[in-house]
Amino acid sequence: MSWVKVSDRRWERPVDGLEGYFVVMGGITAGMCGGREHYTLFSKIKLELAQSDASTALKHAWEQIRYEQPQIAATVEGMKKVI
């Protein structure tokens, strides 16, 4: 699903498939748990850097993945993802 620019600083797209499931389940669990949603996600990464300035390399890598995968920084409003 593609992102649509709705203003100079806002992009949106509808949630799809499994994202919709998490939105609905988040609403159900929040309703039963005092407004808190319950999710646990784990990630692990192992890096071997041969660069002297690792922080610059990591910052560049984060900016690149953020550009290629904008949904990692999106929030959900209703049934829309928003950047």
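Tabulated values for the structure
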{"quantity": "Inter-label distance for THR56 and VAL76, nm, one decimal - labels placed 7 Å from Cα along Cα-to-Cβ", "calculated": "4.0 nm"}
{"quantity": "Mean separation of Cα contacts under 8 Å (6+ apart) over length of the chain, as relative contact order %", "calculated": "35 percent"}
{"quantity": "Within segment 1-73, trypsin sites (Lys or Arg not before Pro) in DSSP loop having at most 14 other beta-carbon neighbours inside 10 Å", "calculated": "ARG9, ARG36, LYS44, LYS46"}
{"quantity": "Spatially proximal lysines relative to LYS44 (Cα-Cα < 20 Å; intrachain offsets below 8 disregarded)", "calculated": "LYS59"}
{"quantity": "Selected from MET25, PHE42, ILE65, residue furthest toward positive end of dipole (the chain; charges at beta carbon)", "calculated": "MET25"}
{"quantity": "At most 15 other Cβ within 10 Å, DSSP loop - GluC sites (Glu not before Pro), segment 1-67", "calculated": "GLU37, GLU48"}
{"quantity": "Neighbour cut-off at most 15 other Cβ (10 Å), DSSP loop, chymotrypsin sites (Phe, Trp or Tyr not before Pro), segment 1-36", "calculated": "TRP3"}
{"quantity": "Angle between the chain longest axis and helix 54-68 axis [Cα atoms, degrees, rounded to 10]", "calculated": "40 degrees"}
{"quantity": "Amide proton proximity set for VAL15, modelled H, under 5 Å, gap of 5+", "calculated": "LYS80, LYS81"}
{"quantity": "Most fluctuating residue given options THR56, THR29, THR40, as computed from a GNM of the chain linking Cα atoms under 10 Å", "calculated": "THR40"}
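We did not get these values from a lab; they are worked out from the coordinates using the rules stated. These numbers come from a predicted model, not from an experiment. Neighbour counts run over all protein chains shown; Cβ positions are idealised from the backbone, glycine included.
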